[in-house]
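Derivation of every value follows stated rules applied to the coordinates shown; laboratory data play no part. Everything numeric here is computed off the predicted structure, so don't read it as measured data. Here the Cβ positions follow ideal geometry from the backbone for every residue, glycine too, while neighbour counts run over all protein chains shown.
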Amino acid sequence: MMLSQWSAPSACLSADVKTVYFSLGSNLGDREARLREAIERLEASELHILQRSPVYETEPQDVLDQGWFLNAALEAETELFPMQLLACTQRVESAMGRQHLRIGGPRCIDVDILLYGRAVIHTPQLDIPHPRMHARRFVLEPLAWIAPGLRHPVTGKSVVEMLAEIQGQKVVASDITL
């Protein structure tokens with residue numbers, strides 16, 4: 001018997017299962033529905049969501065002349081490699097109509113990879129850990145809800161320790177659950 005095609009075992013084609021953390025945000029349209037849709041799309045993209053934070057309403061940080069955001073954090077497992085995961089998040093954003101018109105400006109959805117296991121990655125396309133996560137209350141507040149003791153792989157500080165160092169930045173807990 002002759003095989004017409006050979007296929008490698010799936011273990012050869014994927015990374016080990018990694019725990020990853022995401023920050024999600026939206027300040028255009030039906031913000032809550034957009035967060036829900038992003039989660040559904042991520043779950044359909046080789047991710048298994050383990051935990052979802054409550055939703056927080058947050059003041060814009062860099063470009064102040066825009067509406068407030070709804071933000072949340074996710075913990076997930078995946079076998080995707082980091083660049084595959086980035087492509088996945090970019091596909092989700094693109095499918096939902098995300099346009100990069102103004103850095104820090106309004107957006108229908110933003111899906112940021114915060115951490116990928118204990119990996120430290122610096123490429124022109126991807127930085128992990130997220131380079132500004134330690135200075136953003138809108139990232140750390142929801143992340144602290146799902147993983148308060150999680151440690152930054154470079155600084156060694158826990159999410160709670162990083163959060164305690166931030167001054168200002170209005171973040172209000174909402175009654176929305178995802």
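Lys/Arg Cβ at +1, Asp/Glu Cβ at -1, dipole of the chain taken about the Cα centre: which of TRP145, ALA135, VAL92 is farthest positive-ward? Result: ALA135, furthest along the dipole toward the positive end.
Placing +1 on the Cβ of every Lys and Arg and -1 on the Cβ of every Asp and Glu, with no other charges, gives the chain a dipole of roughly 260 debye about its Cα centre.
Please work out the Cα center distance from segment 72-131 to segment 28-63, rounded to the nearest Å. Each part's Cα centre sits 12 Å from the other's. In nm, to one decimal, how far is the modelled label at GLU165 from the one at THR123, with both set 7 Å along Cα→Cβ? Simple spin-label model gives 2.8 nm for this pair.
Compared with the dominant principal axis of the Cα atoms in the chain, helix 82-95 is inclined by about 60°.
A simple spin-label model places the labels of GLU32 and ASP175 1.0 nm from each other, with each point 7 Å out along Cα-to-Cβ. Comparing MET96, MET83, MET133 in a Gaussian network model of the chain where C-alpha atoms under 10 Å apart are linked, the largest mean-square fluctuation is found at MET83.
Helix-only mean residue ellipticity at 222 nm, the chain, DSSP H runs n ≥ 4 weighted -39,500 (n - 2.57), per residue, nearest 500. What is it?
Taking each H run of at least 4 residues, the total per residue is -7500 deg cm²/dmol.
Can you give the relative contact order of the chain as a percent, counting alpha carbon pairs under 8 Å and 6+ residues apart? It would help to have the intermediate numbers written out before the result.
On the way: 324 pairs, mean separation 51.7, N = 178.
Rounded, it is 29 percent for the chain.
Projecting the Cα positions of VAL17, THR58, ILE166 onto the charge dipole of the chain (unit charges on Cβ atoms of Lys, Arg, Asp and Glu, taken about the Cα centre) puts ILE166 furthest along the positive direction. Helix 31-43 versus the longest principal axis of the chain: what is the Cα-based angle in degrees, 0 to 90, to the nearest 10? Helix 31-43 and the main axis of the chain meet at about 20 degrees.
Taking the Cα centre of segment 31-72 as origin, work out the dipole magnitude from +1 charges on Lys and Arg Cβ and -1 charges on Asp and Glu Cβ, in debye rounded to 20. The partial results should precede the final answer.
Numbers: 5 positive and 9 negative charges, 33 e Å.
Charge dipole of segment 31-72: 160 debye, to the nearest 20.
Around the amide H of LEU50, modelled in the peptide plane, lie the amide H atoms of GLU75, ALA76, GLU77, all under 5 Å away and 5 or more residues distant in sequence or on another chain.
Comparing mean-square fluctuations of PHE81, PHE138, PHE22 from a GNM of the chain with C-alpha springs under 10 Å, the top value falls on PHE81. Give me, ordered by chain and number, the residues 5 or more places off LEU28 or on other chains with an amide H under 5 Å from its own placed amide H. Answer set, sorted by chain and number: ARG107.
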